[in-house]
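The values are calculated or read from the model by the stated rules, or taken from the named source; none is laboratory data. Note that this is a predicted model, so its numbers are computed, not measured. Reconstructed Cβ throughout: ideal geometry from the backbone, glycine too, with neighbour counts over all protein chains shown.
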Amino acid sequence: MTRSSLAAGAARAVLALAVGVTLAFLAVPLVALFAEVPLTRVPGLLGDPAVRDAIAVTARANAVANVLVVAFGTPTAWVLATRRFRGRSLVLTLTELPLVLPPAVAGIALLAAFGATGLLGPALDGAGIVLPFTEWAVVLAIAFVASPFYLRQAIAAFEAVDPALVDTARTLGAGPARRFARIVLPLAAGGLVAGWVLAFARGIGEFGATIIFAGNVRGVTQTMTLAIYEQLDTSLDVAIALAILMLVLSAGVLLTYKLLVSWRRSTSTSTSRFATSPSTSA
């Protein structure tokens, strides 16, 4: 056996070891969740009143937060994708900052902004609005940490829309609203949905900002992640059952995102081939 073949064999062995260790490290904790509690017990454990309350709070808060993120994020992303102005890079950095901001810092920032003694606290108090440690605080915490995931995907989706198609619609007499609704949105829909899926996944798993800004009050601000934290001290089986539920949700979200990305690529390829194919005349 030559020296080169020995070196190649050693390299393959090192690569196989690295792959094996990585996959085992990622898979073993997930498999352990299902090994700790029999799946037949999970439905019963999820029927615990505290769990039902946490699921209800999570569902309500994420539904409202996602509506706000999409409603305000879509026009914002369109402006940032189609306009070039001084300070645009700074604005883009601002929209992405929560991605790298530690969750605890996000919670303290929200408290400093909307708390009773915060920046906007006196004005809100004068209007009779109390946000911290209410379900609206959960909504704001989720929207704050999840919106960058939607904005990044939405900006990329809008930038991928061919400006020539929009210009053609304008020359045919379509107004801005009609062009946006009939041309831009359908073409960017795949990217927008993919961004929403990522934002939804981030919102479901939010913990740090929520516990600081909204607290952990059962039936009011306690989400599924906060319920897992609390159940660790009272019922490990319930905590694991909730973790399994969130694992299944996360896997579903990830699979949905990958399918959307694959669909976008296949659609873009088909459109590109159609656009570049030579025209034929009768």
- Note on the structure: Exactly one of Thr74, Thr93 is in contact (Cβ under 8 Å) with a residue 12 or more places away in the chain and hydroxyl-bearing (Ser, Thr, Tyr), and that residue is Thr74
- Within the range 203-224, which residues are surrounded by fewer than 20 Cβ atoms within 10 Å (Cβ to Cβ) and either acidic (Asp, Glu) or touching a residue at least 40 places away in the same chain (Cβ under 8 Å) (or both)? Gly205, Phe207, Gly208, Gly215, Val217, Arg218, Gly219, Val220
- Task: Can you work out which of the residues in the range 148-202 that are touching a residue at least 40 places away in the same chain (Cβ under 8 Å) and more than 19 Å from Val79 (Cβ to Cβ) is farthest from the chain's Cα centre (by Cα)?
- Result: Gly190
- Message: Take Ala174 and tell me if it is modelled with pLDDT under 85 and of a type in the set (Gly, Ala, Ser).
- Response: yes
- Please tell me if Glu206 is closer than 30 Å to Phe114 by Cα and acidic (Asp, Glu). yes
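Condition check ((1) out of contact with any helix residue (DSSP H, G or I) (no Cβ under 7 Å at 6 or more places or on another chain); (2) surrounded by fewer than 14 Cβ atoms within 10 Å (Cβ to Cβ); (3) among the hydroxyl-bearing types (Ser, Thr, Tyr)) across all residues:
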{"residue": "Leu45", "(1), (2), (3)": "no, no, no"}
{"residue": "Pro49", "(1), (2), (3)": "yes, yes, no"}
{"residue": "Ala61", "(1), (2), (3)": "no, no, no"}
{"residue": "Asn66", "(1), (2), (3)": "no, no, no"}
{"residue": "Val69", "(1), (2), (3)": "no, no, no"}
{"residue": "Phe72", "(1), (2), (3)": "yes, no, no"}
{"residue": "Pro75", "(1), (2), (3)": "yes, yes, no"}
{"residue": "Arg84", "(1), (2), (3)": "yes, yes, no"}
{"residue": "Thr93", "(1), (2), (3)": "yes, yes, yes"}
- Task: Considering every residue within the range 233-255, establish whether at least one is outside any helix (DSSP H, G or I) and touching a helix residue (DSSP H, G or I) at 6+ places or on another chain (Cβ under 7 Å).
- Result: no
- Message: Of all residues being farther than 30 Å from Leu259 by Cα and not acidic (Asp, Glu) in the range 227-237, which is surrounded by the most Cβ atoms within 10 Å (Cβ to Cβ)? Just the residue, please.
- Response: Ala227
- Check on Leu187, under 26 Å from Thr256 (Cβ atoms) and modelled with pLDDT of 90 or more: no
